[in-house]
Structure formats: C-alpha cells, structure tokens
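Report on the structure given below.
The values are calculated or read from the model by the stated rules, or taken from the named source; none is laboratory data. All values reported here derive from a predicted model rather than from experimental measurement. Every residue, glycine as well, gets a Cβ built from its backbone with ideal geometry; the counts of neighbours run over all protein chains shown. Protein only, heavy atoms only, side chains kept; ligands, DNA and RNA dropped before computing areas. Shrake-Rupley method; radii C 1.70, N 1.55, O 1.52, S 1.80 Å.
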Amino acid sequence: MGFVLASMGSAVGLGNVWRFPYIAGQYGGAAFILLYIACVLAVGVPLLLAEFLIGRKTQRNPVGAFRTLRPGSPWVFTGWLGVSAGFVILSYYGVVAGWVLHYVYLSASNAFVGTSPEQITDLFTRLSSNRWLQICWLMIFMLLTIGVVSRGISRGIEAGNKIMMPLLFALLLGLLFYALQTPGAISGVDFLLRPEWEKLGRIAVLEALGQALFSLSLGMGAMITYGSYLSRDTSLVRCSFFVAIGDTSVAILAGFVVFPIVFSFGLEPSAGPGLIFQTLPIAFAQLPGGYWVALAFFVLLSFAALTSAISLLEVACAYFIDEQRWSRQRSSWTLGSAIFLLGVPSALGGEFLGFMDSLATNYLLPIGALLIAVFTGWGLGRDERRAEFTHADAAGFRFTGWAFLIRFVTPVALVLIFLHQLRVF
Ligand code: TRP
C-alpha cells in the first residue's frame, strides 16, 4: 500500500488536474478521452509494469539499470534519454507549479470571493504577463523540490502523500457535486460524454499518447526508480492496475469538475494552459465557504505537484549519486539550479513553455517508452521477465497477456502513432 501511494504520488500531479482538462478541451472532449483510455490500456499499463519490473530487478537508477542488465550495450542510451527528459519536463513543470503557488497566495489573500468571473480570468492573464513574478515562483518551487530531494525521500513525504492524496481526491469529489449543479452542467457533461470523432485532428492521437505517458510518469524511468522500492513478493500486475486506475480517475474527475463550470460561465473549452486557473476560482467565488475550499484546493494541488517534481529530480540525482559518486547535497543543488535556469525561458511568456512541453510529451517520452518496451519485450529473455512475476501471476494469462502486449501491441502502437504523425499514412 505504501508503495502504491508513493508511485501514485509521482503519477498524480499537474498532469491530471492542469494538463488533462485543457488538452481534452482542445481536442474535442469525449472522443479524446476514449483515445486516452485506449492509450492507458494498450501502452500505459504494460509499460508501467515493464518499468517496475526493471527497477525491482536491478535496484538502480535508469542508467545503472540498463548497464547492469546489458553491460556495455547501447541500451544505456535509454537511461540517458530518461535523465534528459526529466530535465526538460521539470523545467516547465516548475513554472506551472509556480502558477499554483501564486494561486495559493491569491486564495489566502481572498482574491476570488466577491470577484466577478471576468476579473477572475483576468488574474491569470496578469500573472502570465508578469515575468519576474513567474521567475520568483519558479525559484521558490525549485527550492522546495531541492529541499526535499537533498534530504532524501524522507518518511515525511511518504506520510504526507498518504494524507494529502486522498484529501485531494475527496475535495475534487466535493467540487464535482458543486459543478454538476451549475446551470451549464448538462453541456459540460455532454461535451465529455458524446464523442464527435470529426473534431479529432491528426495530432490528437499523439497528444493522447503523450498525455497518457506524462500522466503515468512513464517513458523516462521514473517508475524504474520507484520499482526498486518494491518488495519481491508484491504482484507487479496488481500494482500497475492500481496506479493506472487511480491516476486515470483523478484526471477524469478533474475534467468533470472543470467543463460544467466552463459551459456555465461562457468560457472557452479550448482556452489552453490557463484553463483550470480561470475556471476553478470562479466556482470557489460562488461556493459557501469558498475561501477555505480555494485555499485547500491549491495547497493540495501544490503538494501533488511537489511529489511529482521530486520524482523528476530524483531520477537525475540518483544517476549522479550512484554512477558519478556525487553526494546527495551536491547533485540535488547542482541539478536543481541547472533546471531552474532551463526553466527561466518558459517563465518569460510566449511559446517556449509549449515548445518544451511538446518536445517532452510528443517526442522524448514516446521514444523512451518505445525503447523500454522493446528492451523488456525483446532485449530481456523470457525467463528474466518471468522471474519477476509472483507465482500466481506467472502461471496464467496475466504473464502471457502482458508479454504479448509489451512485445507486440505497445511497440506497434507507438510506432504507428509516430508514422501517422509524420504523415506516412
Ligand atoms: N506524472 C506527473 C503528473 O501527472 C508528472 C511526472 C512526474 C512525470 N514524473 C514524471 C512525467 C516522469 C513523465 C515522466 O503531473
């Protein structure tokens, strides 16, 4: 249970509450969500299991893991790619987490209650055009992340996870009841449930895949690192399903909170990265006790962002600690500062944040995912794979089913999505 919650802490983050609703909004709602669920099942779950398997087998960081399993082979490049992807992702993830911190501040100073919807949407516009403010918040968020990682993933964070994750879920559930009573709720639910396939553009499939990988923390070895915490007798199959189901429910729940509000207050479903910052505070402003709900929500969301950011920084740190013999202090401060610098251009406004996001989710993560799938499915031998399955799982369909998915379905899906994107068909 502790392990599942820790991996859930990495998986559940801004990807679920910030990214999923706005991407789903841009790609037409229901049809995108169905594609997303297909990606979670065909690519996400098998890959989650593959990363846990590599991690538990080797007890290493991603670079060390490939080195241990196939010494001197080019597979180690997969680990390198993962370390670089962690850098790229955390640099802009920190900027968005900085926005969340700013909203903690806004909620604490009672900026939403008694404010009109127009003024509330304007608060986000003002933040995104203020470079210094964004850089300051990015710095504060990176200091928090470095602070935790430099002390080691302490019990504190794990205990915090156990309390805060269920609280975030409960709060979202509460907000769902409110959202479903707003006047435009029907249109919002309709948008999420009635697929209009013609709205899906060419790139939508790639976006759905990228979102599934991002949300489940896959494709860069973060789950390899977490897998090394797993005890030998735990079923990888069950863990993978738990994490995937938990993560996907939070994302879909967030969608059902956001879109009724979007339609009730005449906002644009395709508003982009500002979507949750412009919609949820409108709901908070109208709710009885809205001051506390807003504060609780943004505090919990910052915590979810922090536990994800920790896993992003930890991958690179684990590599420098294990393979380069750096101290934990030195690696967390050096790498954290480098990531902060890389994040500054994303905080300046303009296109850079979107560019980094698309570089990571549309290229680095799918390529990493393909390499991990091919390695687990074809690089490892059947007995090497099977040894990591519990007795009950190894005997039956669970092992053969997964082996089939990771050898054929996952890599083929990844390659097809790429070819489609490159307009080969
Ligand atoms: N999954 C996290 C989220 O949804 C982000 C994240 C953490 C991540 N670690 C990762 C994404 C590793 C890709 C790879 O917010």
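Figures for the structure shown
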| quantity | calculated |
| --- | --- |
| Inter-residue pairs, beta-carbon under 8 Å, first on the phi < 0 side of the Ramachandran plot and in segment 207-228, second within 6 Å of the ligand (Cβ to nearest atom) and open to solvent by 10 Å² or more (accessible area, probe 1.4 Å), 6+ apart | Ala222/Leu312; Met223/Ser217 |
| Residues (under 20 Å from Gly289 (Cα atoms), open to solvent by 30 Å² or more (accessible area, probe 1.4 Å), part of a loop (DSSP other than H, G, I, E, B) and of a type outside the set (Val, Ile, Thr)) located in segment 107-155 | Ser109, Asn110, Gly114, Ser116 |
| Condition met for Gly219 (within 16 Å of the ligand (Cβ to nearest atom) and modelled with pLDDT of 95 or more) | yes |
| Any chance Met164 is open to solvent by 10 Å² or more (accessible area, probe 1.4 Å) and within 16 Å of the ligand (Cβ to nearest atom) | yes |
| Residue that is open to solvent by less than 10 Å² (accessible area, probe 1.4 Å), more than 15 Å from the ligand (Cβ to nearest atom) and not polar (S, T, N, Q), where the choices are Ala244, Ala208, Ala251, Ala204 | Ala204 |
| Spans of helices (runs of 4 or more DSSP H) in segment 171-270 with at least 1 residues under 30 Å from Ser84 (Cβ atoms) and out of contact with any Phe, Trp or Tyr (no Cβ under 6 Å at 6 or more places or on another chain) | 204-215, 222-227, 236-264 |
| Condition met for Leu335 (over 25 Å from Met165 (Cα atoms) and either at pLDDT below 90 or under 24 Å from the mean Cα position of the chain (by Cα) (or both)) | yes |
| Conditions (1) closer than 23 Å to Leu313 by Cα; (2) within 13 Å of the ligand (Cβ to nearest atom); number of the one not met by Ala65 | (2) |
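The rows are residues; the columns are (1) under 18 Å from Tyr229 (Cβ atoms); (2) crowded, with 20+ Cβ neighbours inside 10 Å; (3) of a type in the set (Phe, Trp, Tyr); (4) away from the ligand (no atom under 16 Å from the Cβ).
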{"residue": "Ala6", "(1), (2), (3), (4)": "yes, yes, no, no"}
{"residue": "Val12", "(1), (2), (3), (4)": "yes, yes, no, no"}
{"residue": "Arg19", "(1), (2), (3), (4)": "no, yes, no, no"}
{"residue": "Ile23", "(1), (2), (3), (4)": "no, yes, no, no"}
{"residue": "Val45", "(1), (2), (3), (4)": "no, yes, no, no"}
{"residue": "Phe52", "(1), (2), (3), (4)": "yes, yes, yes, no"}
{"residue": "Arg60", "(1), (2), (3), (4)": "yes, yes, no, yes"}
{"residue": "Trp75", "(1), (2), (3), (4)": "no, no, yes, yes"}
{"residue": "Thr78", "(1), (2), (3), (4)": "no, yes, no, no"}
